Every structure is written in structure tokens, then in C-alpha cells.
Amino acid sequence: MAHRLSCQHRSLLLLAGVACLALLSTAQAASGRALLGKKGPAPSPSPIPADARKGMGWVSDQFTLVRKTKCDATFYHSSLVLNITRPDRWTVCFDISTMAPNGKYACHAAPTAGQVDTVQVLSTAACAKSIDTVTVDGKAWEEYAWVKATNILSINKLASAPLVGSKPFVHTVCVGLDATADACNSLNEFCAPTYGPDANACGVLISDAVSTTTGEPSCCPVYRSSFGAAPIQAAYTFRVSGRFTGTGMNCGLVNKNENISAQFEQAIVTAYGKALSMQPAQFQVVNTDCRVKSFEAIIKMTGLTDPDAVVKSSSTYLRSIAKTLGFEKVRAVPYVPSPPSPPKPKRSPSPAPSPSPKTQGFNETQVPTPTPAPKPAPSPAVNGPSPAPAPTPVPSPAVSGPSPAPAPTPVPSPAVNGPSPVPAPTPVPSPAVDGPSPAPAPTPVPSPAVNGPSPSPSPAAGPSPTPSPSPAVYPIVPLANQPPSPAPSYGGASPSPSQQQGPAPSYGG
């Protein structure tokens, strides 16, 4: 009985397992049918090995213009010739010229204005923002664009640029890279690999103008142009430095013996020339300096194909002299001389100093004398000569009787009933009253005398003080409580014959 139950149990288990397998197969089949309508992700293309070799057909297919038009992309079917030149480390120029047409192909024809209309260069994504300038025949060119999908720099509308000269030379298109960019700041990084026999080559397409009949260009030759052998036309200067170990050369020998110094410089140049495949004439040692154990030389190199190699590999290039002459820790860096100091500006002449108010009118040799204004009469000197006469012609009258109090004007009051002991403070003479005319004074206008002759002036006690200049002279107005001076009446005794300046007036009483 137990045996029968076990057999039945096994049969049930087997049937259950078969049913499960059937259900699982049905589910997988339904799932597979559902997935047939969906596309999975495309497999990523495998990277091309650096040593791979590709034909020109592969290079041509990298240009969209070749794939989408029927233009002839075979370079030897065209009469155009392409060469790459390098004015400096950050500039690459595509020199496009023509050869004599052979007539075998439609594109191998004489040059025309529209033969070169577009130039395209295969580049890399890192160079999208590193294009600094584009020039055509030395002039700035704005008609260029970066094709992001294919990383192609396209320089357009060149057919509008005039041909240069009468030679079979067509155009020179130059691309300047941003020297300060972190990536793509040299030609080696600008051109994408073309996988040809020369690793240092650019893939370049030159297309003619679009035909008005077909709506597309007819000729678009593609070139794989090498720049590895194109020297940089500009000279580069480096500071090459190292340290003497003391086992061979040292600063004492370099500084004291010119022959030893010249031989050491020649050894450095020879080592560089051998490593860079350059001639000794392409090197110039500008200057050297050696202190204690440190040596450095400023070396100018012309015709370099890769300036970066000098910076990266100088220790390797000079390894031979390092062992022989005891020269270690060699390095080279670009040398940029300091700009010359700007010329000093010319000093403008100092303006003439304006006269000080304190010296205005007194320094006659330096300050122009202005038109003098009338000045008040100076204070009289006691027991001294009469001052110079004032320019006013109106004399102060003398009255037979006591003189009123002097007015606050600078005109003095005359002496009454006797000689005046002190000369009048003003140069204006007072007339003589009831008496003879006095002897003439040394000035043109005599001093006045009242009721008698005027005594001779006393000896001068000293010169009159220098009058203080007055900035302006205003009319003198008598005070309100001061009676006005009587109007003079002319007449009286005749003047002395010795008076030559004019008769002295006398006032009648």
C-alpha cells in the first residue's frame, strides 16, 4: 500500500513539473514576441587603433559634402595643390595653388574665380571653442562655422575673395588657435587623425562654388596633407638651465675662460641638433649666466617642427653631456623677454610764475608794470625835504585868519600868520597870502607861505618812507560836519622871474 502511494505521488509530481515547464515556455514566447517591436541601443563603435591604416576613401567619407553630393572627391582629378605652412606654433595655413591642367578630368581645369569656394578641415571636439582667428590672404575672414555633429571647421564664401597676383597662386587660408586655451592650442591637437602613413597629417576638403544648374558643387578634392615636416617659420627662444655636480664643468671655468665657455655652449647646441635633426646654424646662444653651481643659457631656435618637444624632452636630449661634464637637472622653458620700458614723456616748460600781490608793481624787471592808479599823498617827513608833487593840480587855499581843523583828507591845512615849520604833507603847493613870493622849491611846485616868506627847508632827517600801494583810489568825500574849503580867487603879486614852471597863484583876502 505504501509502495503504491509513493508511485502515485511520484507520478503527480512529474505531471506538475511538465505543466510548469509548459507554462514557462509559453511566457517566454510571449515575451519574445513583445520585444520584437522594440530596438535596443546601437552598439558603440570600437575605437580605431592608432596604428590602423585607412585609405583615402575612408577620409573622404568623413565629410558630409562628399556623402550627400556627387562632387568628385579624388584629389588627383583636380588641378589644385595643397601645402601646409606654419607661421608660428598656434597658426596653420593652407596654401592653395594650381598646376597646369592636363585635360584628363573635368576638375583638372584652368583656375577660375569659383574654383575655391569652401575649405573644410577634420578636427576634434576639443577644438570647438579654440578657434581664435581666420584669415584669407592676410585679411580677417568672418565667413566660417564649426559643424558640431562632425567636428569640422568650414570656411565659406571664398569665391568672393579676389585672386592674388598673376601667378597660378589662388589663396592662403590661415587658422589661428587660442594660445591660452587648455586644450587644442597646437596643430598636433587641431587636426583629427587620418590613419595614413604619416601620423602628422590633416584631412582637408576644397570645394568649388555650387553650380546653378545642379545645385551642388562639381569638384571637392580631399587631401591628406602632412604637416610633420613643415617647420615653424617663427623662431622660438628657450631658457635652458641645469646644475653642475662638481665632477666636471663648473662656473669657475665657464666664467674665467672664454674658450671653455664657448666649447660648453657648442656641446649643448650639438646635442639639441642631433636630437631634433637640425643644423647648428639654426641655433643661436643669446646669453649665458653661471652662478655658484647653476647655469642657464638663452637659446633661440629657428625651424622647429615641434616646440613642445624641447620643453618636454630637453633632459633626454642633453643626457650625453650630463654624464660627461657633470650637468644635471636639465630643463627648458619658453623665454619671453621683458618689454622695453616706454620712453619718458617730454617735460613741458614750466609756466612763468604769476606775480605775488606783495611784489606786484615793485619787481619792475620781471612783472609787467600795469597802468598806475592815482595814489594818495605820502606822510610828510619831519624836518626833511618836501615830497614829490602829487598829480592833482588843485591847491588848497590859504585864508587870512585862523585855519579850521584839518579835514580827514590827505590835503594838509596851510599855516596861518607865519611860516610853516613843517612842509605840507601833500605835494600840492599852497599859495602865498599878503607877501612876496618865496624862492622856488626844488620841485616844480613851490611850498606855500602865509603872510611872509617861506623859510628854507630844514635838512632832511631821513628819506620819506616808501608809500604803501593802494589797490584802488576812490574819490574823497568831505565829512558832513566839515565846512567846504573856500573857492580860490586868482590874482595878487606877480611870480618871481626865476620860476620857470609857471606862475604860482596867490589868493586875495
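The values are calculated or read from the model by the stated rules, or taken from the named source; none is laboratory data. Keep in mind that this is a model prediction, so the values were computed, not measured. A quick note on method: Cβ atoms are made from the backbone with ideal geometry, for glycine too, and the neighbour counts reach across all protein chains shown. Only protein heavy atoms, including side chains, enter the accessible area calculation; ligands, DNA and RNA are left aside. Shrake-Rupley method; radii C 1.70, N 1.55, O 1.52, S 1.80 Å.
Couple of notes before you dig in:
- Every residue from region 57-78 that is in a loop (DSSP other than H, G, I, E, B) and open to solvent by 50 Å² or more (accessible area, probe 1.4 Å): Gln62, Lys70
- Every residue from region 79-108 that is crowded, with 20+ Cβ neighbours inside 10 Å and of a type in the set (Phe, Trp, Tyr): Trp90, Phe94
- Just one residue in the set Phe283, Phe238 is at negative phi, aromatic (Phe, Trp, Tyr) and in contact (Cβ under 8 Å) with a residue 24 or more places away in the chain; that residue is Phe238.
- Residue list for region 109-122, filter: open to solvent by 10 Å² or more (accessible area, probe 1.4 Å) and in a loop (DSSP other than H, G, I, E, B): Ala109, Ala110, Pro111, Thr112, Ala113, Gly114, Gln115, Asp117
- Residue check for Val240: surrounded by 17 or more Cβ atoms within 10 Å (Cβ to Cβ) and not assigned by the TED database to the domain that holds Asp137: yes
- Some residue of region 244-260 being modelled with pLDDT under 95, open to solvent by less than 60 Å² (accessible area, probe 1.4 Å) and under 38 Å from the mean Cα position of the chain (by Cα): no
- Flag if Ser315 is modelled with pLDDT of 90 or more and of a type outside the set (Val, Ile, Thr): yes
- Only strands (runs of 3 or more DSSP E) whose full extent lies in region 174-278 are considered here, and the ones with at least 2 residues that are under 18 Å from Val311 (Cβ atoms), in contact with a strand residue (DSSP E or B) (Cβ under 7 Å, 6 or more places away or on another chain) and small (Gly, Ala, Ser) are 236-244.
- Taking every residue in region 254-270 that is free of Cβ contacts under 8 Å to residues at least 60 places away in the same chain and more than 12 Å from Cys290 (Cα to Cα) and pairing it with any residue that is of a type in the set (Val, Ile, Thr) and in a helix (DSSP H, G or I), at least 6 positions away or on another chain, the pairs with Cβ-Cβ distances below 9 Å are Ile260/Val254; Ala267/Ile321; Ala267/Thr324; Ile268/Ile321; Thr270/Ile321.
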